[in-house]
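Some notes on the structure that comes next.
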Amino acid sequence: MDRITILGMGPVGASIGLALKRVGFKETEIVGTDFDRAKLKNAEDIRAVDWTSDDINAALDGSNLVVIDQSIRNLETLFREIGCSVKSGCVITDTGRIKAYASSLADEYLPDGIAYVGGRPLLRQSNLTMMDASASLFETVDYCVIPSESADKEAVLTVVSMVETIGANPFFIDAKEHDTFDSAVRDLPIILSNAFVTVISLSPSWREMSRLAAEEFSSCSYLSTYDPQDSSLSCLLNGESLRSWIDRIIAELCN
């Protein structure tokens, strides 16, 4: 029997499991694993996978396809562990945002015979919760497919097949190009939001000023509530292209 292991049972990972299970593969089991046992319990409750385990090695054992849905700060540890646990011929993909970094980790930690094909669903909604997990989450959504140099045609087809099975549209893009675009449309707004909140809140008049804050303030400040660790790491990893976008913003403000 084939095995697909989803490493990360957040709303995206759980939705991939639900979408795959909806198809009803007879000879493929869907396994879920996570560092967080509460997420595993949620995945079991909504029947997102066939079974779960908090033992990553056990979940990876015998897998043909591994889907990583984890925060940026966990990626290095996971690639190192995956490289020591999966069988030759296994295909590794992920759902995260920083593709050049993930690709470099794959090159460093995955042995010969293990292919990495980067992936990312371009969902319209951010900060999803488990209430948003759904088998239909990816329907008609563009899904980035970013083959690495280690990926042969068969490995790419494996990921494309998964993307199409869950209802998404494969969108081929280069890793560096993806990260440059993403730094502009995601990292830059987060930085601007944090800078805006910092400047306004440090004003000596903030207590009085805050009484006037309404929809406009909420719209501009919302992104500053994103996970600061992931946001900081993302900005650092995308630093070169992000600095270019910031320079353009400054130039525009000075015109």
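Name the residues whose placed amide hydrogens come within less than 5 Å of the amide hydrogen of residue 10, ignoring near sequence neighbours (fewer than 5 apart) on the same chain.
none
For the stretch 61-74, what does the Karplus curve 6.51 cos²θ - 1.76 cosθ + 1.60, with θ = phi - 60°, yield as ³J(HN,Hα) per residue in whole Hz, taken in order and with x for Gly and Pro?
4, x, 5, 8, 9, 10, 10, 9, 10, 9, 5, 4, 5, 9
Charges at C-beta only: +1 for Lys and Arg, -1 for Asp and Glu. How large is the resulting dipole of the chain about its Cα centre, in Debye rounded to 20?
Computed charge dipole of the chain: roughly 520 debye.
For the chain, give me the percentage of DSSP beta bridges that are antiparallel, rounded to the nearest 5 percent.
In the chain, DSSP labels about 20 percent of beta bridges as antiparallel.
May I ask which residue of 148, 220, 96 lies farthest towards the positive end of the charge dipole of the chain, with charges of +1 (Lys, Arg) and -1 (Asp, Glu) on Cβ and the Cα centre as origin?
Highest projection toward the positive end goes to 220.
Rounded to the nearest 10 degrees, what's the angle between the helix 99-109 long axis and the longest principal axis of the chain, both from Cα atoms, 0 to 90?
40 degrees
Which residue, 36, 187, 142, has the most motion in a Gaussian network model of the chain that connects Cα atoms within less than 10 Å?
36
Compute the separation of the alpha-carbon centres of the stretch 115-161 and the stretch 173-223 and state it in Å as a whole number.
The distance from the Cα centre of the stretch 115-161 to that of the stretch 173-223 comes to 28 Å.
Once a ≥ b ≥ c are taken as the square roots of the eigenvalues of the Cα gyration tensor of the stretch 179-223, is the result rounded (a/c under 1.5), prolate (a/b larger than b/c) or oblate (a/b not larger than b/c)?
oblate
Show me the three semi-axes of the equivalent ellipsoid for the stretch 131-255, from the C-alpha gyration tensor (sqrt of 5 times each eigenvalue), largest first, rounded to whole Å.
37, 20, 12
Dipole size in debye (nearest 20) for the stretch 13-120 around its Cα centre, Lys and Arg Cβ +1, Asp and Glu Cβ -1?
Value, rounded to 20: 420 debye.
If you filter the stretch 20-102 for GluC sites (Glu not before Pro), then keep DSSP loop positions with at most 15 other Cβ within 10 Å, what is left?
Within the stretch 20-102, the qualifying GluC sites (Glu not before Pro) (loop, at most 15 other Cβ atoms within 10 Å) are 27.
For residue 74 and residue 22, FRET efficiency with R0 = 22 Å and r from the beta-carbon atoms, rounded to 0.05?
Once rounded, the FRET efficiency stands at 0.20.
In degrees between 0 and 90, to the nearest 10, how far off the longest principal axis of the chain does helix 188-201 point, with axes built from Cα atoms?
Approximately 40 degrees, to the nearest ten.
Determine the calculated [θ] at 222 nm for the chain from helices alone, applying -39500 (n - 2.57) to every DSSP H run no shorter than 4 residues and normalising by the residue count; nearest 500 deg cm²/dmol.
One gets -14000 deg cm²/dmol as the mean residue ellipticity at 222 nm.
Over all alpha-carbon pairs in the stretch 55-103, figure out the percentage whose distance exceeds 17 Å.
28 percent
Enter the mean projected area of the convex hull around the alpha-carbon atoms of the chain, in nm², rounded to one decimal.
15.5 nm²
Going by alpha carbons, how many degrees (0 to 90, nearest 10) lie between the helix axis of 239-254 and the longest principal axis of the chain?
Between helix and principal axis, roughly 30 degrees.
Rounded to the nearest 5, what % of the DSSP beta bridges within the stretch 63-194 are antiparallel ones?
35 percent
Let's test this: bin the Cα-Cα distances of the stretch 1-147 at 10 Å from zero up to the farthest pair and state each bin's percent.
Percent of pairs per bin, in order: 12, 45, 37, 6.
We did not get these values from a lab; they are worked out from the coordinates using the rules stated. As the structure is a prediction and not an experimental result, all values here were calculated from the model. Glycine also receives a Cβ, built like all others from the backbone with ideal geometry; neighbour counts cover every protein chain displayed.
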